[in-house]
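Following: one structure in structure tokens, then a few remarks.
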Amino acid sequence: MFPREVISTGPLVLRRPADSDAEAIVRACDDPVTARFLYTLPSPYTLQDARAYLRAAEAKWADGGAEFTITENGHYVGAIGVQPPDPWGVAAIGYLAAPWARGKGVVSRATRAVTEWLFDHGVERVELHAAVENIASLRVAYKAGFQEEGRRRDAKVGRDGRRTDIITFARIRRDSGLAAESYLPFFDGGELSDGVVRLTPMEVADAPEFHAMMREPSVAAYAVGPRTTLEDNERRCRYTGYWWVSGQRIELAIKDAVSGRFAGHVQLVQVVPLIGQGMIGYSLRSEFRGRGFMTRAVRLLVDWAFANTQLHRIVAGTEVGNKASQRVLERSGFVQESTQRELFPREDGTRSDELEWLRLRPR
């Protein structure tokens, strides 16, 4: 059983929940974002629910766990709790940030402090779980020094009845606890634009048009791998934020800056920090071709990557017969580097050559 202590960390004080927190708890838990990712919370959330939570928080302490109210300058800004450790000294934590405290690093700081407190009281391993679409929670884990350990597929059911994947994190005593900064920072302002095209993170709402584009014969002819369903592409879109924040890849919708219509897709993938290399790939709906959209999109993304990441090499590959894609790369400053013979498998069982392209970081 943990001692019922108060934890101070920077401007934050973590203490046991009190009756005086009830109204703030209602406002925090009745928030749509909170309700979206904390599936078991009542919705709408009432004062009666807050009082039930306060009773449960006291019971958690008695059962060997812990529950803290996070305060800043004496005001409620969130909550963080610990499940009773198992017989092997493993404990799991969960948290929420009040809407008025988001984006300030409050929960990351509190998570780090509680984790260190748990280690001081004999816990050997602390686990944390975040829904794959909960980007804020994923960022908390990385900033608090947790290491990603895997993915639990369809592990929980959301309010809409859809099953969702959960990303698992942990810290153990011997970990450094250093914050993991993403190799791929998010765009300032959330998007890139040159006034003609806009590059925005892929969302589930983009999936139907993305799916239709990938089924166009002129696009499908150069696709590698099995054909995907609309459900596959919706799942892909649900992962785009996680891939980005974890530094694996960037998946973007190309939009007509004037009409807002979905025009295509561009991605930065196969990111290898050790050698500073990434690969760019793209597809464009047929009705938007011949207007320079793809060249603009590739330039925007590559220029941003060199200005905002440590990438030194950005490569691309085109099927030897895909002249339109090759012209895009030439106009975007890429040079042809080599040929990989019989790399692309075709539907008829034959294979075609790939041309390798390269653009280096400007000196």
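The values are calculated or read from the model by the stated rules, or taken from the named source; none is laboratory data. This structure is a prediction, so every number in the text was calculated from the model and none was measured. We place every Cβ from the backbone using ideal geometry, glycine too, and count neighbours over all the protein chains shown. Calculation scope for accessible area: heavy atoms of the full protein, side chains included, ligands and nucleic acids excluded. Shrake-Rupley method; radii C 1.70, N 1.55, O 1.52, S 1.80 Å.
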- prompt: Which angle from 0 to 90°, rounded to the nearest 10, does the C-alpha axis of helix 293-308 make with the longest principal axis of the chain?
  reply: 50
- prompt: With point charges of +1 on the Cβ of Lys and Arg and -1 on the Cβ of Asp and Glu, referenced to the Cα centre of the chain, which listed residue (106, 182, 87) lies farthest in the positive direction of the dipole?
  reply: 182
- line: Quick tally, 1.4 Å probe accessible area for 118, 360, 38, sorted with the most first, runs 360, 38, 118
statement: Excluding ligands, DNA and RNA, the carbon-plus-sulfur percentage of the accessible area of the chain with a 1.4 Å probe reads 49
query: Does a label point 7 Å from the Cα of residue 173, set along Cα-to-beta-carbon, have any residues of segment 74-118 with amide nitrogen under 14 Å, and which are they?
result: 88-91, 116-118
For the chain, size of Cβ-based charge dipole, Lys and Arg +1, Asp and Glu -1, in debye: 560
field: Charge-dipole axis of segment 236-363 as Lys and Arg at +1 and Asp and Glu at -1 on Cβ define it, positive-most pick from 336, 304, 278
entry: 304
- request: Let me know the shape class of segment 199-354, please: from the alpha-carbon gyration tensor, a ≥ b ≥ c as square roots of the eigenvalues, rounded when a/c is under 1.5, otherwise prolate if a/b is greater than b/c, or oblate.
  value: rounded
message: Before I look further, what does the chain give for accessible area per residue, probe 1.4 Å, in whole square angstrom?
response: 50
- line: To the nearest 0.05, the calculated FRET efficiency linking residue 289 and residue 153 through their beta-carbon distance, R0 being 35 Å, is 0.40
message: Can you compute the helix-only [θ] at 222 nm over the chain? Use -39500 (n - 2.57) per DSSP H run of at least 4 residues, normalise by all residues, nearest 500 deg cm²/dmol.
response: -8500 deg cm²/dmol
query: Quick one: if you take sqrt(5λ) for each eigenvalue of the C-alpha gyration tensor of the chain, what semi-axes come out, biggest first, whole angstrom?
result: 46, 21, 19
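What is the extension gain from residue 160 to residue 52, computed as 0.36 nm multiplied by their sequence separation minus the C-alpha to C-alpha distance, in nm to one decimal?
36.4 nm
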task: Whenever you get a sec, line up 43, 218 from highest to lowest accessible area (probe 1.4 Å, protein heavy atoms).
output: 43, 218
field: For the chain: lysine pairs under 30 Å (alpha-carbon distance), excluding those fewer than 8 apart on one chain
entry: 7
